Amino acid sequence: MALIRCDFYSEALEMGTSMTVILPGGDTVDPPPVVYLLHGLTDDDTAWTRFSSIERYAEELGLAVVMPQAHRSFYANEAYGMRFWDFLSAELPELVGRFFRVSVRREDTFVAGLSMGGYGAMKWALREPERFAAAATLSGALDLAYIQEHDRRPHIRALVARVFADRIVAGGDEDLMHLVRVSEPSSLPRLMLRCGRDDHLVAQNRRFVAACTTAGVGLDAAFEPGEHTWEFWDRHIQVVLEWMVKR
């Protein structure tokens, strides 16, 4: 098992950036399956390795894990900033394939994340379902339209204004509820949601579950004891990874 901090220049971002990558060891003929694992709003690409045992869990399952740096972008092309959606969805997989020996097959490619990263994982899976076999969100900030319209916290309003400016999230391709409504359920990857019952984002997660139910989109969803904490995410990323590699 190798843990790599990879610094590189991003054409999409027009700046140097980084990703943290876990690669399984051992002699294998086939390249390993890969999980793109996304960080939350206050984290960076090192958070999963610092606050969880992701390296040990990945080693047990023979998984490569790619954790990109996305700052406070909501994994979107920012109105007053950088093109993080283009970086994530187009440039990053190409660079990963060039730099590392990992599988490029859909059945071996997964995405997951926590909080803002849970939103990013679901957005990527719903917008590009042909890329992934499965996607998962932990405590996701899943109702960005609600955040844009109703969140009154000054720092959140300033953040959303910087990222989206006058772009309305509701009904567009940044709105997970809309993406679920217009999706073809049979084309989607397997989806999983886990959220703590005492998490401050639990209402958003329940709305996403309801949207999937209404649209006939399959979703393995559960609300269990817990809050918006690494204790919850460390415990449930084990469930996510084992579920992902299950055929």
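What to note about this one:
- Qualifying positions in region 37-49 - surrounded by fewer than 20 Cβ atoms within 10 Å (Cβ to Cβ) and within 13 Å of Ile22 (Cα to Cα): Thr46, Thr49
- Condition check for Ala121: at pLDDT 95 or above, surrounded by 21 or more Cβ atoms within 10 Å (Cβ to Cβ) and of a type in the set (Gly, Ala, Ser): yes
- Subset of region 129-165 (residues that are exposed (fewer than 14 other Cβ atoms within 10 Å of the Cβ) and either among the polar types (S, T, N, Q) or in contact (Cβ under 8 Å) with a residue 60 or more places away in the chain (or both)): Ala165
- Look at (1) of a type outside the set (D, E, K, R); (2) without any contact (Cβ under 8 Å) to a residue 60 or more places away in the chain; (3) in contact with an Asp or Glu (Cβ under 8 Å, 6 or more places away or on another chain); (4) under 25 Å from Leu144 (Cβ atoms) and you find that Ala76 fails only one, number (2).
- Residues that are small (Gly, Ala, Ser), more than 19 Å from the chain's Cα centre (by Cα) and farther than 11 Å from Met177 by Cα, drawn from region 205-236: Gly216, Gly226
- Residue within region 42-52 that is over 22 Å from His228 (Cα atoms), touching a residue at least 60 places away in the same chain (Cβ under 8 Å) and not acidic (Asp, Glu) present: no
- Scanning region 80-100 finds one or more residues that are surrounded by fewer than 16 Cβ atoms within 10 Å (Cβ to Cβ), closer than 23 Å to Ala133 by Cβ and touching a strand residue (DSSP E or B) at 6+ places or on another chain (Cβ under 9 Å).
- Residue within region 202-223 that is outside any helix (DSSP H, G or I) and touching a residue at least 40 places away in the same chain (Cβ under 8 Å) present: no
- Any hit, region 90-99, residues being assigned to a loop (DSSP other than H, G, I, E, B) and under 23 Å from Gly140 (Cβ atoms): no
The values are calculated or read from the model by the stated rules, or taken from the named source; none is laboratory data. This one's a predicted model, so the numbers in the text were calculated from it and none came from an experiment. Note: ideal-geometry Cβ built from the backbone for every residue, glycine included; neighbour counts use all protein chains shown.
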